[in-house]
DNA sequence: GCAAAAGTATTATATATATCATGTTTTTAA
DNA sequence: TTAAAAACATGATATATATAATACTTTTGC
């Protein structure tokens, strides 16, 4: 579950991609490669996180536990995304991340992240842009949660998943995910999600086959999510 | 309402603060100073925004109009904050900003922002950290909107305002803001906000005096907002 | 200083959606 | 390979909160 990074100058590691080629060797020395099985916790709210995880393969959910059993999913991550604390100060984080598929990650300690900025002028600009984009997404999502009814929120959730993970050759969403997780992402309950799905399946807007979901009428979903 | 920036190397302008002293003169030449009266639109969703506004005084709301009359406030900004598109690509923005008090801003065109990065190594790091912080706030707010009931959301809204704008010597929130705006920020309606306020006033948790709001029992509000 | 507009106060009603309850199927672990 | 645990399916009920309707009060522009 842990080893030195053997080769990380591949396009999927955000960090190495943004560093000068000559610097990547130091990333290899200072970073660690962690693998996580489906369902495993990558980082947990309240824990001290002294570095960043860069997802190189797999998928994860970033979530927060509420009291007893109520979980809320804040966002999803796929290869190329960053997990763990943002910025570069040591800090405990208020949010957990769990692997939804088997994951490979590069863990880079804050020390080394900090040391990398002066030497890699492009790095902070890349981070800046990454965060700016995520911020924009976050604000859109905020809006959705605050203004749309359940249908709209579920539509938005499906569209995000569609955009982030794409579809396979059969048109099925590439991420196998439980209905409960979709509900948690849309800010609703499983039961309500089920009801909405039933309606949409009847209308031919989506099609399900076990855990696989196919969006048949993308336009209809878009209409729901910006009404 | 528009003039060349006369003097902007003061601590309140995020951009100048993050640049080398020698570079600030160029900011002065390339930037423009815009002033906005209370209620005036600073930037409007759909418009092309080819630069960033740096608030040096006053307060503003960042919001999105929904169809007919439904408005949602995404966040507030005070002196030191950035408005307008984030990142540095020319782009139309999905979000509007309106002055809540008379505002002074420095407008820096994207061209000059871009040109400033290579020369001011600290600049992109400052931006990165700014965005990282805002991202964290955004994700917390997302959570609130998705999981808390109205009471909790209103409590959260008041606490944010309290934290962002502070209180005067009488303990009143320093930002004079309409109930409708608080409701829009909390993702609810004026009427519901009114009901919740009535209860809290009766309980002595808050006190109102026209537009002025005083939080008497901060602890009680905190309890509401993380239940 | 006055008219118009924006903001504030309040109740009654409607409805969307969570909660509860119960059974079935699929997946996981031993 | 079976037992246990998640995940899925579905209806009935309760409730929080938006909507609607109406009147009063303060602020703003002319």
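The values are calculated or read from the model by the stated rules, or taken from the named source; none is laboratory data. Computed from a prediction, not measured in an experiment: that's the story for all the values here. Because the Cβ atoms are built from the backbone with ideal geometry, glycine has one as well, and the counts that use them run over all protein chains shown.
Details
- Annotation for segment A:180-189: at least one member residue is more than 9 Å from DNA strand C (Cβ to nearest atom), more than 14 Å from every other protein chain (Cβ to nearest Cβ), under 22 Å from residue A:39 (Cβ atoms) and free of Cβ contacts under 8 Å to residues at least 40 places away in the same chain.
- Residue identified as on the phi < 0 side of the Ramachandran plot and not in a helix (DSSP H, G or I) among A:151, A:223, A:170, A:164: A:170
- When we screen B:169, B:144 for residues that are at pLDDT below 90, under 30 Å from residue A:74 (Cβ atoms) and either more than 12 Å from DNA strand C (Cβ to nearest atom) or loosely packed, with under 14 Cβ neighbours inside 10 Å (or both), the only hit is B:144.
- Only a single criterion out of (1) surrounded by 19 or more Cβ atoms within 10 Å (Cβ to Cβ); (2) within 9 Å of chain A (Cβ to nearest Cβ) is not satisfied by residue B:133, namely (1).
- Qualifying position, being in contact with a strand residue (DSSP E or B) (Cβ under 9 Å, 6 or more places away or on another chain) and at pLDDT 90 or above, among A:76, A:85: A:76
- The numbered conditions (1) closer than 22 Å to residue A:45 by Cα; (2) in a helix (DSSP H, G or I); (3) within 11 Å of chain B (Cβ to nearest Cβ) are all true for residue A:111 except (3).
- Residues that are in a helix (DSSP H, G or I), farther than 13 Å from residue A:152 by Cα and touching a residue at least 12 places away in the same chain (Cβ under 8 Å), drawn from segment A:190-217: A:194, A:203
- Within segment A:175-217, being away from DNA strand D (no atom under 11 Å from the Cβ), surrounded by fewer than 14 Cβ atoms within 10 Å (Cβ to Cβ) and under 29 Å from residue A:102 (Cβ atoms) holds for no residue.
- Extreme residue, nearest to the chain's Cα centre (by Cα), among residues of segment B:190-215 that are within 25 Å of residue B:146 (Cα to Cα) and more than 10 Å from DNA strand C (Cβ to nearest atom): B:215
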